[in-house]
Amino acid sequence: MGVGYLGAIVTWIILLIAAFKKSIGWGLASLFLGLPLLIFCIMNFNEVKKPFLLNIGCGVLAILGIIIAAVGAPSSDPGSDIAPADPTSMMLEGAKVKIEYVA
């Protein structure tokens, strides 16, 4: 997730530099509005193909990281369907021995 964010920021800066090299208007519009940078990338695709595609890929990577983190996060719901382990007894699978905790 962090790699995706970092890559997206770095490639966004590279694209922004390319927009400023084209003209100050493209650069300022891309910096403050965002959408002109997409239009600039589409219009000048041959010049900015590699950073533009890397930016899209890093954005997808960041979004996948968010989804995986959200799905893989443990539930804090007390009524969740995963029961906590019983600390008073435990069955060992291989040996078939029952261990009981006596308080």
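Nothing in this text is a laboratory measurement; each read-out follows from the coordinates by a stated rule. This one's a predicted model, so the numbers in the text were calculated from it and none came from an experiment. Methodologically, a virtual Cβ is constructed for each residue, glycine included, from the backbone with ideal geometry; neighbour enumeration extends over all protein chains shown.
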Most to least packed among 65-71, 5-11 [average Cβ atoms within 10 Å]: 5-11, 65-71
5 Å binning of all Cα-Cα separations within segment 2-72, expressed as whole percents from 0 upward: 3, 19, 25, 22, 14, 9, 6, 3, 1, 0
Full-stretch length increase - residue 23, residue 71 - with 0.36 nm per residue and alpha-carbon distance subtracted: 12.9 nm
